[in-house]
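Heads up, the thing below is written out as structure tokens.
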Number of protein chains: 2
Amino acid sequence: MSDDWDNLRAVLHVVRAGSLGAAAQVLGVNYTTVSRRIAAAERSLGARLFDRRQSGYVPTAAGQEAARHAERMEAEEIAMRRALSGRDDRLAGPLTITASELLIAIHLCRVIDRFLTDHPQVELTVRSTNEVLDLTNHEADLAVRISADPGDTLVGRRLTGQHTASFASADLAARMAAEPARRIDWIGFTYWKSPPVASLKRYGNARIRLQFDDMNAVVGATQAGLGVARMPMFLGRATPGLVQVPMLPPQRYHDIWALSHRDLKDAAKVRAFRDALVQYFKENAAAFSA
Amino acid sequence: MSDDWDNLRAVLHVVRAGSLGAAAQVLGVNYTTVSRRIAAAERSLGARLFDRRQSGYVPTAAGQEAARHAERMEAEEIAMRRALSGRDDRLAGPLTITASELLIAIHLCRVIDRFLTDHPQVELTVRSTNEVLDLTNHEADLAVRISADPGDTLVGRRLTGQHTASFASADLAARMAAEPARRIDWIGFTYWKSPPVASLKRYGNARIRLQFDDMNAVVGATQAGLGVARMPMFLGRATPGLVQVPMLPPQRYHDIWALSHRDLKDAAKVRAFRDALVQYFKENAAAFSA
DNA sequence: TATGGATCATGCAAAAACGCATGTATGAGC
DNA sequence: GCTCATACATGCGTTTTTGCATGATCCATA
């Protein structure tokens, strides 16, 4: 019965990953080690957990049952780490934050700079991604999100309101001003069906010329003069070569929030970073609104 | 983040045991190993979990928090083992049963003998104790209990009803028959306040001469002629030198049950042992009732 | 039908974990 | 006040675990 729990962890990851090798990569060990862990777990539990196939390790019914329980053990481990982080009153050690790439690039990098200067002992990890990380699974301690919905176990602090508006390259803006009757080419974002409704009253002669699933691409295409794009004020203003154009009057958009798991909201490092955010957004509120 | 769960298990056991050495004994390793595990856990969790005192390792608030979570991980591990045992359809491998010492000694040993002959592959552990083992914690797969209450997560099968009656040594029985007016000396069991109520109507001249907290002692004292004792029929009849005496007419007593955790009730080995019990108690019902 | 890319199994050397022995400190009991 | 028992810290040799390299098998694909 000794040295068992880590074997169960291996079982969980092999079930998830589907093969020894893939699980080994996640666990950061050689796959032969995973193989031995699985064998040990089967010995200890007295049940065959996997069918060894050439395509990989396929869990038996018993293996799936074991993985279900191991998953709950993992959830409990994560909850433990969260709880311990949450009572950590040191301004030192690891801290992970996440935000969208654009928000980081344009604004948060300055908050981060300031924060690290003030708290040099903190080992900060920034997960700059457009994926929505799972704060419940402790993938990050704090997230800056453009969203109205903090969710169930999360607690939030509103940082600022913001507007979106229409932007175009300076060239294109000049051409459109010179030829008011000319058709407006919009650069769309995923799932757009038509140009922004609020723009159609005054600028009905419009179409979506092309569509992206990535905001960086939208920005690039707009800079290249391919069309008019709707984007947050802070993004349009900060992007070289773009000017605001009148097609879409500024629209209220989702507020920007700082979110944390309830367990983590009072951790010293989380609190300090949140305070830094609040101060920055207070000083720079003008950048986000019309 | 590798090799962590076993460290958390060490934390749990040190919190429980209060010292490295005691925890090491439970874990079956040297205490220096436990010491290193604790250090590793503290490193990984980034929190001090114990105060090192000369009197032992005293958990900090963080350590208690960690132990609470580790406790749930352990509960989940136990649930896993139960679930896997429950779906085990082999009549081989480990099986643990428990019952009171007397029941084992007098009757169950014969069931066990028969069972092991029929299923030689089963590695049977018999926990013959008067403690009530926790079947929810998987301390045993099956229990034979004298009790009406199967409990929440347990499922039971009634094996037989039974009676208690009064027994004495043959000598004392003869003397009492010869001198009907003589005072009856009862041998009491823990918490008895007076001789059995049902006996007082006809044998009011009675007292409790001495009292034991252990049924084996009661049996010995009765054999030695120290007095009359109330005991289950099966026990009085099976004890050499004792005869039933009329002071206490046979009384209905708690039924005898075979109990298992719900998860385990259909495991092949559990089912087979339960069947053996049912058959034995059917064949020997007369031994338990008046 | 041959080939490249997966997968898992196994033998062997390197690395890490482990247990033992020793030393120190504290508190209980005579 | 002394001894004894208990608890933790630490250094060192040994055992165990781990990673790597090789070999075998299967599948997809050209």
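The values are calculated or read from the model by the stated rules, or taken from the named source; none is laboratory data. What you see is a predicted model; the values in this text were computed from it and never measured. Note: ideal-geometry Cβ built from the backbone for every residue, glycine included; neighbour counts use all protein chains shown. Protein only, heavy atoms only, side chains kept; ligands, DNA and RNA dropped before computing areas. Shrake-Rupley method; radii C 1.70, N 1.55, O 1.52, S 1.80 Å.
Could you count how many residues in the stretch A:21-41 are near DNA strand C (Cβ under 10 Å from one of its atoms) and either surrounded by 16 or more Cβ atoms within 10 Å (Cβ to Cβ) or assigned to a helix (DSSP H, G or I) (or both)? The qualifying residues number 13. Determine whether B:His69 is within 28 Å of A:Arg68 (Cα to Cα) and within 16 Å of DNA strand C (Cβ to nearest atom). Considered against the rule, which asks whether it is within 28 Å of A:Arg68 (Cα to Cα) and within 16 Å of DNA strand C (Cβ to nearest atom), B:His69 comes out as no.
Could you list, ordered by first residue, the pairs with Cβ atoms under 8 Å in which the first is in the stretch B:34-58 and without any contact (Cβ under 8 Å) to a residue 60 or more places away in the chain and hydroxyl-bearing (Ser, Thr, Tyr) and the second is near DNA strand C (Cβ under 10 Å from one of its atoms) and not in a strand (DSSP E or B), at least 6 apart or interchain? Final answer for the pair search is B:Ser44/B:Asn7.
Scan the stretch A:15-32 for residues that are β-branched (Val, Ile, Thr) and free of Cβ contacts under 8 Å to residues at least 40 places away in the same chain and jot them down. Selection gives A:Val26, A:Val29, A:Thr32. Taken residue by residue, the stretch B:69-79 has no member that is out of contact with any Leu (no Cβ under 6 Å at 6 or more places or on another chain) and either aromatic (Phe, Trp, Tyr) or not in a helix (DSSP H, G or I) (or both).
Just one of the numbered conditions (1) in contact (Cβ under 8 Å) with a residue 12 or more places away in the chain; (2) of a type in the set (Asp, Glu); (3) assigned by TED's automatic domain parsing to the domain that holds B:Leu103 is not true of B:Asp171: (3). Cβ-Cβ contacts under 6 Å between residues 6 or more apart (or on different chains), taken from a first residue in the stretch B:104-119 that is in contact (Cβ under 8 Å) with a residue 60 or more places away in the chain to a second residue that is of a type in the set (A, V, I, L, M, F, W, C) and open to solvent by 80 Å² or more (accessible area, probe 1.4 Å), are absent. Remark: B:Arg9 falls outside the filter, which requires a residue to be within 14 Å of DNA strand C (Cβ to nearest atom) and assigned to a strand (DSSP E or B).
Kindly provide the set of residues from the stretch B:218-257 that are among the polar types (S, T, N, Q) and touching a Gly at 6+ places or on another chain (Cβ under 7 Å), ordered by number. B:Gln223, B:Gln244 - these are the residues of the stretch B:218-257 that are among the polar types (S, T, N, Q) and touching a Gly at 6+ places or on another chain (Cβ under 7 Å).
Every listed requirement among (1) surrounded by 15 or more Cβ atoms within 10 Å (Cβ to Cβ); (2) more than 18 Å from B:Ala79 (Cβ to Cβ) is met by A:Asp89 save one, (1). If we scan the stretch B:96-109, do we find a residue that is within 13 Å of chain A (Cβ to nearest Cβ), crowded, with 21+ Cβ neighbours inside 10 Å and under 30 Å from B:Ser147 (Cα atoms)? Checked against the condition, which is being within 13 Å of chain A (Cβ to nearest Cβ), crowded, with 21+ Cβ neighbours inside 10 Å and under 30 Å from B:Ser147 (Cα atoms), the stretch B:96-109 yields no hits at all.
Take the conditions (1) within 16 Å of DNA strand C (Cβ to nearest atom); (2) touching an Asp or Glu at 6+ places or on another chain (Cβ under 8 Å); B:Glu76 misses just one of them, which is (1). Answer yes or no as to whether A:Ile112 is modelled with pLDDT of 95 or more, β-branched (Val, Ile, Thr) and either assigned to a helix (DSSP H, G or I) or assigned by TED's automatic domain parsing to the domain that holds A:Pro246 (or both). Taking the combined requirement at face value, the residue satisfies it. Checked against the criterion of being open to solvent by 10 Å² or more (accessible area, probe 1.4 Å) and either more than 11 Å from DNA strand C (Cβ to nearest atom) or modelled with pLDDT of 95 or more (or both), the stretch A:51-58 has no qualifying residue. For the stretch A:10-34, a tally of residues being within 12 Å of DNA strand D (Cβ to nearest atom) and within 14 Å of A:Gly63 (Cβ to Cβ) returns 4.
State whether the residues of the stretch A:116-137 include one that is within 14 Å of chain B (Cβ to nearest Cβ), over 30 Å from B:Asp88 (Cα atoms) and surrounded by 15 or more Cβ atoms within 10 Å (Cβ to Cβ). Scanning the stretch A:116-137 turns up at least one residue that is within 14 Å of chain B (Cβ to nearest Cβ), over 30 Å from B:Asp88 (Cα atoms) and surrounded by 15 or more Cβ atoms within 10 Å (Cβ to Cβ). Only a single criterion out of (1) modelled with pLDDT under 95; (2) in a strand (DSSP E or B) is not satisfied by B:Asp152, namely (2). The listed residues are A:Gly28, A:Gly18, A:Gly56, and the only one of them that is at the interface with chain B (Cβ under 9 Å from one of its Cβ atoms) and more than 24 Å from B:Glu74 (Cβ to Cβ) turns out to be A:Gly28. When A:Ala70 is tested against the conditions (1) more than 26 Å from the chain's Cα centre (by Cα); (2) within 16 Å of DNA strand D (Cβ to nearest atom); (3) facing another protein chain (nearest Cβ under 10 Å), the lone failure is (2). Of the numbered criteria (1) open to solvent by less than 30 Å² (accessible area, probe 1.4 Å); (2) facing chain B (nearest Cβ under 7 Å); (3) touching a residue at least 12 places away in the same chain (Cβ under 8 Å), the one A:Leu12 fails is (2).
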